[in-house]
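> Let me begin by handing over the structure; questions about it come next.
The values are calculated or read from the model by the stated rules, or taken from the named source; none is laboratory data. Fair warning: this is a prediction, and the values are worked out from it, not measured in the lab. A quick note on method: Cβ atoms are made from the backbone with ideal geometry, for glycine too, and the neighbour counts reach across all protein chains shown.
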Amino acid sequence: MSITDRYNKYQSPLSERYASKEMCYIFSDQYKFSAWRRLWIALAEAQQELGLKTVSNDQIDEMRCFQDTINFDVAREYEKKLRHDVMSHIHAYGEQCPKARPIIHLGATSAYVQDNTELIQMKEGLRVILAKLVNIVSVLSNQAMKYKDLATLSFTHFQPAQPTTLGKRICLWTQDFIFDIEEIEMRIKGLQFHGVKGTTGTQASFMTLFHNDTEKVKKLDELVTKKMGFDGYYPVTGQTYSRKIDSQIVFSLAGIAQSAHKFSNDMRLLQHLKEAEEPFEEEQIGSSAMAYKRNPMRCERIAAIARYVLCNCLNPAFTAAAQWFERTLDDSANKRISVPEAFLAIDGILNIMLNVASGFSVYPSVIKRHLADELPFMITENILMEAVNAGGDRQELHEKIRRHAMEAARRMKEDGKENDLLEQIAKDPSFLKIKSKIREISDPTRLVGRAPQQVEEFISRVINPLLKRNNNLIDKKLIPTLTV
């Protein structure tokens with residue numbers, strides 16, 4: 001492609017900007033059509049092994065020689081004439097392999113190469129995604145342990161609530177991604193092969209080929225499945241495998257989008273509060289107009305792409321619902337877009353997630369200041385209990401605290417003053433007996449409950465076993481530096 005051609009046509013941002021080279025390759029034409037040829041070779045090998053005399057070693061050797069050397073230009077010319085992508089590639093392959101030409105695709109239908117290849121692509125794509133999820137959990141667990149004791153203001157309804165620790169909050173993010181890992185592991189384990197099923201899934205053409213020898217036809221299915229790296233195949237199909245498989249897998253990817261979107265929202269809010277901040281490069285520009293800006297563009301990008309995946313997951317669902325009998329072709333054009341782009345989009349999200357999770361900054365002084373602003377209100381019940389234990393009247397003390405709190409809140413809002421509620425309570429003679437305890441009561445580390453211990457337990461009981469069983473997937477090279 002010339003420079004002019006490149007910039008005169010639409011290029012998908014998913015492949016150009018966001019997804020990794022590895023994921024783009026899995027859904028590339030080279031990978032796809034090489035897989036078609038591997039399937040044709042596996043079919044010929046299995047047929048020969050089961051005694052089919054029309055398939056020779058010379059033919060199979062010839063096919064292997066051109067397995068990855070796709071003559072795309074020839075296939076393109078055939079497709080202009082034949083209007084059929086599978087037949088165009090059969091003819092193109094046949095030109096390279098004249099000896100094998102008569103037996104390429106023998107007994108098969110288009111779905112044999114199309115559907116089986118799509119299952120191969122999805123399985124490989126899920127493995128890439130699983131590796132990145134494991135690395136995200138590894139990185140976040142380190143951050144959780146680092147900040148397990150850092151008291152911070154928690155929020156419900158984005159209103160100040162009881163204190164927690166930053167490490168505990170990070171564990172909440174991590175837990176969502178662990179749910180996703182368990183889902184993806186299940187999908188990888190459960191994904192089977194379409195196999196060798198024929199035009200309507202009855203294997204009638206192969207029964208003819210093997211003179212109604214049922215055992216050989218069953219063995220053919222098993223052999224090809226194993227040759228292509230799958231442990232099992234779907235026992236019944238129409239011409240295609242059930243499109244519910246696509247829907248289930250893309251919905252699993254949408255689950256990752258949910259987790260990432262939640263993480264990105266929280267990080268954006270924390271960046272607004274100046275308590276934490278996504279990575280910011282030395283020469284990065286936050287705004288073309290406002291030179292001081294440090295916009296959370298990485299997390300905003302996560303949210304943007306995640307919304308695309310969440311909307312896109314309806315495509316395979318509608319496709320699965322709309323199939324007629326043994327198959328219709330209204331799935332094809334939609335599948336070409338919705339399934340690969342779901343994988344590329346999630347891959348792009350996880351690339352950014354790895355970058356942000358491993359490099360976000362935390363500002364304890366700001367966190368401490370925000371906590372100090374709200375903490376006096378939060379510990380008034382503790383003060384009340386101590387004062388009652390010291391002999392005070394609960395109802396009278398409650399009313400005095402209420403009045404002090406209302407006045408402190410008024411000064412903060414109307415006059416911009418700092419929260420002096422504790423000072424005012426300490427000056428009130430009614431609280432004289434517990435005056436010396438107020439500082440101890442207001443220690444944030446005494447108000448976070450079991451948050452630090454919960455972090456340690458979660459890492460020990462949940463995260464570490466997960467990382468141990470996926471130790472082969474942990475790779476520091478997966479943490480990318482964002483360039484666009």
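> Can we say Ser88 is modelled with pLDDT under 95, of a type outside the set (D, E, K, R) and part of a helix (DSSP H, G or I)?
So Ser88 does not fit the description; no.
> Would you be able to say whether some residue in region 374-396 is under 46 Å from the mean Cα position of the chain (by Cα), under 30 Å from Cys299 (Cα atoms) and either among the β-branched types (Val, Ile, Thr) or surrounded by 14 or more Cβ atoms within 10 Å (Cβ to Cβ) (or both)?
Yes: region 374-396 contains one or more residues that are under 46 Å from the mean Cα position of the chain (by Cα), under 30 Å from Cys299 (Cα atoms) and either among the β-branched types (Val, Ile, Thr) or surrounded by 14 or more Cβ atoms within 10 Å (Cβ to Cβ) (or both).
> Next question. When region 470-484 is examined, which residues are found to be surrounded by 11 or more Cβ atoms within 10 Å (Cβ to Cβ), in a helix (DSSP H, G or I) and at pLDDT below 90?
If the condition is that a residue be surrounded by 11 or more Cβ atoms within 10 Å (Cβ to Cβ), in a helix (DSSP H, G or I) and at pLDDT below 90, then Leu478 is the only one that fits.
> Something else about it: Being touching a Cys at 6+ places or on another chain (Cβ under 9 Å), within 20 Å of Met228 (Cβ to Cβ) and of a type in the set (A, V, I, L, M), is that true of even one residue in region 51-66?
Scanning region 51-66, I find at least one residue that is touching a Cys at 6+ places or on another chain (Cβ under 9 Å), within 20 Å of Met228 (Cβ to Cβ) and of a type in the set (A, V, I, L, M), so the answer is yes.
> Considering region 176-219 alone, what residues qualify as being of a type in the set (D, E, K, R) and farther than 16 Å from Leu126 by Cβ?
Once the filter is applied, which keeps residues that are of a type in the set (D, E, K, R) and farther than 16 Å from Leu126 by Cβ, region 176-219 yields Asp176, Lys197, Asp213, Glu215, Lys216, Lys218, Lys219.
> Same structure again: Would you tally the residues in region 205-217 being surrounded by 15 or more Cβ atoms within 10 Å (Cβ to Cβ) and without any contact (Cβ under 8 Å) to a residue 40 or more places away in the chain?
So the count comes out to 3.
> Looking only at region 85-125, count how many residues are of a type in the set (Lys, Arg) and within 15 Å of Ile41 (Cα to Cα).
2
> Considering only region 429-469, state which residues are among the small types (Gly, Ala, Ser) and in a helix (DSSP H, G or I).
Of everything in region 429-469, those that are among the small types (Gly, Ala, Ser) and in a helix (DSSP H, G or I) turn out to be Ser430, Ser436, Ala451, Ser460.
> When region 399-414 is examined, which residues are found to be surrounded by fewer than 16 Cβ atoms within 10 Å (Cβ to Cβ), more than 17 Å from His370 (Cα to Cα) and not charged (D, E, K, R)?
Matches in region 399-414: Met406 only.
> Right, another one. For region 148-190, which residues satisfy the criterion of being part of a helix (DSSP H, G or I) and among the acidic types (Asp, Glu)?
Asp176, Asp180, Glu182, Glu183, Glu185
> Determine, yes or no, whether Ile60 is in contact (Cβ under 8 Å) with a residue 40 or more places away in the chain, surrounded by 15 or more Cβ atoms within 10 Å (Cβ to Cβ) and under 28 Å from Asn355 (Cα atoms).
So Ile60 does not fit the description; no.
> Name, by its number, the condition in (1) crowded, with 22+ Cβ neighbours inside 10 Å; (2) part of a helix (DSSP H, G or I) that does not hold for Lys81.
Unmet condition: (1).
> While we're looking at this one, here's another question. Please find, within region 1-50, the residue that is nearest to Val113 (Cα to Cα) out of those that are outside any helix (DSSP H, G or I) and in contact (Cβ under 8 Å) with a residue 12 or more places away in the chain.
Only one residue fits best here, namely Phe27.
> Which pairs turn up if I take residues in region 389-416 that are without any contact (Cβ under 8 Å) to a residue 12 or more places away in the chain and look for partners that are surrounded by 11 or more Cβ atoms within 10 Å (Cβ to Cβ) with beta carbon separation below 6 Å, at least 6 apart in sequence or on another chain?
These pairs meet every condition: Arg394/Val388; Arg411/Lys417.
> Check region 9-16 and report whether any residue there is among the charged types (D, E, K, R) and over 36 Å from the mean Cα position of the chain (by Cα).
Checked against the condition, which is being among the charged types (D, E, K, R) and over 36 Å from the mean Cα position of the chain (by Cα), region 9-16 yields no hits at all.
> On to the next question. Can you tell me which condition Lys417 does not meet? The list is (1) surrounded by 11 or more Cβ atoms within 10 Å (Cβ to Cβ); (2) among the basic types (Lys, Arg); (3) part of a helix (DSSP H, G or I), and all the others hold.
(3)
> Looking only at region 155-187, how many residues end up being of a type outside the set (Asp, Glu) and surrounded by fewer than 17 Cβ atoms within 10 Å (Cβ to Cβ)?
Residues meeting the conditions: 11.
> Scan region 366-389 for residues that are within 13 Å of Leu166 (Cβ to Cβ) and not β-branched (Val, Ile, Thr) and jot them down.
Of everything in region 366-389, those that are within 13 Å of Leu166 (Cβ to Cβ) and not β-branched (Val, Ile, Thr) turn out to be Lys368, His370, Leu371.
> Is at least one residue of region 52-73 in a helix (DSSP H, G or I), under 30 Å from Ala131 (Cα atoms) and either in the same structural domain as Lys132 (by TED's automatic domain parsing) or among the charged types (D, E, K, R) (or both)?
No: zero hits.
> Going by the structure shown, is Glu457 at pLDDT below 90 and more than 30 Å from Arg298 (Cα to Cα)?
no
> Look through Leu384, Leu375, Leu432 and report the one residue that is touching a Ser or Thr at 6+ places or on another chain (Cβ under 7 Å), among the hydrophobic types (A, V, I, L, M, F, W, C) and modelled with pLDDT under 90.
Checking each option against the conditions leaves just Leu375.
So that you can scan it fast, the table gives a plain yes or no per residue for (1) surrounded by fewer than 19 Cβ atoms within 10 Å (Cβ to Cβ); (2) over 24 Å from Ile337 (Cα atoms):
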position: Ser28; (1), (2): yes, no
position: Phe33; (1), (2): no, no
position: Trp40; (1), (2): no, yes
position: Cys65; (1), (2): yes, yes
position: Met87; (1), (2): yes, no
position: Tyr93; (1), (2): no, yes
position: Arg101; (1), (2): yes, yes
position: Gly107; (1), (2): no, yes
